[in-house]
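To start, the structure itself, in structure tokens.
Each reported figure results from applying straightforward, stated rules to the coordinates on display, with no laboratory input. What you see is a predicted model; the values in this text were computed from it and never measured. When we count neighbours, we look across all protein chains shown, and the Cβ atoms used for this are built from the backbone with ideal geometry, even at glycine.
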Amino acid sequence: MCGIIGYSGHRPAVPLLVEGLHHLEYRGYDSSGVSFIQAGKLHVVKAAGRLSALEAKLAHEPVMISTCGIGHTRWATHGAPEERNAHPHLARGGSLAIVHNGIIENFQELRDELTASGCTFVSDTDTEVLACLIEEERKRASSLLEAFARALRRARGAYAVAMVAPEEPGTVYAARLSAPLLIGVGTGECFVASDVPAFLNYTRDVVFLEDGEIARIGRGGGSWELFRLDDLAPVSRATTRIAWDMQSACKDGYKHFMIKEIMEQPRVVAECMAGRVPADPARDVLDGVSLPELDGMDVPRRLRIVACGTSYNAGLWGARFLEKFGGIPVDVEIASEFRYRDPLLEEGEAVLAISQSGETADTLAALRLAKEKGRAALGLCNVVGSSIAREADAVLYTQAGPEISVASTKAMCSQMVVLLLLALYWGKRRGKKDDSALLTHLRGLPALLEGALPAMRETATHAARTYSGARSFFYLGRGPSYPLALEGALKLKELSYIHAEGYAAGEMKHGPIALIDPDFPTFALALRDEFFAKMVSNIEQVQARQGRVIVLTQPDSCGECGDLHADVLWMLPSCHSELASFLALPALQLFSYEVADYLGKDVDQPRNLAKSVTVE
Ligand code: F6R
């Protein structure tokens, strides 16, 4: 998704803007650009492709001493990913430049109106329309601030936008509606950005913008102000200090962020449990967590989970534990489907929105819909201060640290931990006995994972070499392994572009098995749980049709693999049967990672994908 950075301060702006854009690369992009004001004139430099293309162009620019500017990485929504459509966009009279993240839904209507009044456009973007609209409004407004607000009031959709104009050379204006934007407050300098890493080398003091607010930075040496979009009334807000540093956003010597994030899952599990799984068995799990009263009850009568992608798979996994340990009926829905129905939510039903970024447009809309319908809305997020976290009635954080690789890995692991704890927490409140054996094993999980990961990586590397030539893959699982099969297939396709489908293993015989032949391998999850024997039969059905199989399994109580035979018999350590998913998940992630790396794919930024999907 697009990345925005703006700067006003005492240092040369352009190097800071480019540095900020590098720190936003994880969001995915296809072109980039910067704009700054020098000698009273607006300059725009942009390039299609990687940031290095922009840097090469900037190297040919005359010395840039401007201390104010905006920058952008674009992930195409309107118009092809080419330089013409890259941001910043100028208003045709050259009076201002803007960068924008999101979609202006009524842009065609606005474009027609502006065209009729004489505007011409050089790009296909909704952003250029917005720039021209601000310029038009400036003719009627008493100030640039008012023109900015008047134009934004006419825009429908979602946006984060930043603007510079020679009329006020040291000032950046910015605004948000359903897209992330925040201010970084330094000493004598301020930033606006889509995310904290953009300016974390310079300040940790942050001001979160709310929907329908305008920020103005840089008036009077590093100052910042907030205004309400509707009436321009000033808004006061305290700064928040961000705890994590840039170090945690670096690769730690790994080749890619993705492998670093997979390998740090033992720590992620430990940190996710910190303060939530007390050493003292007399104290409750999630002790001290304040969840809202749910229609007068402290446990929902029913739960609806809404999420997208990997977070949806985590929700599907968590549902069976919330039912089993929490005793709560759970439905799991893809957020983009939920939001466009008129879902019937029962009295006492709560909605849980799961999102790593906390900014996914469909999940945010689903959460808002639940609130509109008067239901308690809970959030399970990784990014602190994100839109879902702020709008939910209560939020549980996964505490996984920044996830930079576009493909989600450690976030899912941490979501699973929290969902399991939530199930135990609600179960206790409903008078179910808590499973202290499970908790003891959960406490031992980080060490178990830590010990298992190096061997897993070796097996993954070996299997990846053998199977990277496959054109299609099945992933099969039952019970808790079914959502993992979906996740394994999602990871393989998004990283290596190999077609992969996840199936509930029992569904194979209802059609998909027709595809099995020696060139269509299967990745089967046969963990030591109640579904093991059934999975063995499913694997045999595949093998009977000459299908090659990788089996992810665990030894039986005698340390044997029993009757299982496979082309790759991938042994995970034995563990409490309810926790086996925590071992299987990194194995699936590692396999996809190693296949993609072996095939030379762009692991951290797969094609066509974005980290934070703030459009529908
Ligand atoms: C897959 C992946 C996506 C996200 C999805 C939801 O690896 O990263 O499928 O899981 O876009 O994102 P969040 O969790 O941020 O709402």
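Of all lysines in the structure, those lying under 23 Å Cα to Cα from LYS428, and not within fewer than 8 positions of it along the same chain, are LYS324.
Straight-line reach from LYS251: taking Cα to Cα under 19 Å and skipping same-chain neighbours fewer than 8 places apart, the lysines in range are LYS260, LYS410, LYS601, LYS611.
Just to be sure I understand: of the beta bridges DSSP finds with both ends in the chain, what percent are antiparallel, rounded to 5?
Details: 61 of 98 bridges.
Percent antiparallel among DSSP bridges in the chain is about 60.
A Förster radius of 56 Å combined with the Cβ-Cβ distance from ARG545 to ARG156 puts the calculated FRET efficiency at roughly 0.60. What shape does segment 317-467 take by its C-alpha gyration tensor, where a ≥ b ≥ c are the square roots of the eigenvalues and a/c under 1.5 counts as rounded, a/b above b/c as prolate, and the rest as oblate? Oblate, since a/c reaches 1.5 and b/c is not below a/b. Rounded if a/c is under 1.5, else prolate if a/b is larger than b/c, else oblate: which is segment 1-92, with a ≥ b ≥ c the root eigenvalues of its Cα gyration tensor? Cα axes put segment 1-92 in the prolate bin.
Can you tell me, using C-alpha contacts under 8 Å and at least 6 residues apart, the relative contact order of the chain as a whole percent? Walk me through the numbers before you get to the answer.
On the way: 1379 pairs, mean separation 70.6, N = 616.
Dividing the mean separation by the residue count of the chain yields 11 percent.
May I ask for the percentage of alpha-carbon pairs in segment 39-182 that lie more than 20 Å from each other? Walk me through the numbers before you get to the answer.
On the way: 4672 of 10296 pairs.
For segment 39-182, the share of Cα pairs beyond 20 Å comes to 45 percent.
Each of SER32, SER581, SER8, SER574 was scored by other Cβ atoms within 10 Å of its Cβ. Arranged with the fewest first, they read SER574, SER581, SER8, SER32.
Averaging the inverse of every distinct alpha carbon separation and then flipping it gives the Kirkwood radius. What is it for segment 43-125, in angstrom units?
On the way: mean 1/r = 0.0699 Å⁻¹.
One over the average 1/r among Cα pairs gives 14.3 Å for segment 43-125.
The order of the peptides 505-512, 518-525 by mean Cβ neighbours within 10 Å, most packed first, is 518-525, 505-512.
What net charge do the residues around GLU113 carry, taking every other residue with its C-beta under 11 Å from that of GLU113, with Lys and Arg at +1 and Asp and Glu at -1?
Working: positive: ARG111, ARG154; negative: GLU109, ASP112, GLU136.
Value of the local net charge: -1.
Note on LYS509: lysines with a C-alpha under 19 Å away, same-chain residues under 8 apart excluded, are LYS534. Here, segment 433-540 has an Rg and a Dmax of 15.9, 49 Å when only alpha carbons are counted. The alpha carbon centroids of segment 356-412 and segment 1-48 are separated by 28 Å.
So if the hydrodynamic radius of segment 326-386 is defined as the Kirkwood radius over C-alpha pairs, what does Stokes-Einstein give as its diffusion coefficient at 25 °C and 0.890 mPa s, in µm² per second? My calculation gives 205 µm²/s for D.
By other beta-carbon atoms within 10 Å, ranking ASP529, ASP563 with the fewest at the front produces ASP563, ASP529.
Over all directions, the projected convex hull of the C-alpha atoms in segment 91-146 averages 3.9 nm² in area.
Based on the Kirkwood radius over alpha-carbon pairs, what value in µm²/s does the Stokes-Einstein equation return for the translational diffusion coefficient of segment 294-346 at 37 °C and 0.692 mPa s? Mind dumping the intermediate values first?
Working: Rh = 11.8 Å.
This corresponds to a translational diffusion coefficient of 279 µm²/s.
Counting only other residues whose beta carbon sits under 12 Å from that of ASP517, what net charge do I get with K and R as +1, D and E as -1? Overall, the nearby charge balance is +2.
Ordering 340-350, 157-167 by mean Cβ neighbour count within 10 Å, with the highest value first, yields 157-167, 340-350. Dividing the alpha-carbon Rg of segment 547-611 by 2.2 N^0.38 Å yields what? Rounded to two decimals, the normalised Rg is 1.42. Ranked by the mean number of other Cβ atoms within 10 Å per residue, highest first, peptides 602-612, 407-417, 233-243 order as 407-417, 602-612, 233-243. Summing Lys and Arg as +1 and Asp and Glu as -1 over all other residues whose Cβ lies under 15 Å from the Cβ of GLN541 gives a net charge of +1.
Rounded if a/c is under 1.5, else prolate if a/b is larger than b/c, else oblate: which is the chain, with a ≥ b ≥ c the root eigenvalues of its Cα gyration tensor? The partial results should precede the final answer.
Details: a/c = 2.06, a/b = 1.67, b/c = 1.24.
Prolate, since a/c reaches 1.5 and a/b exceeds b/c.
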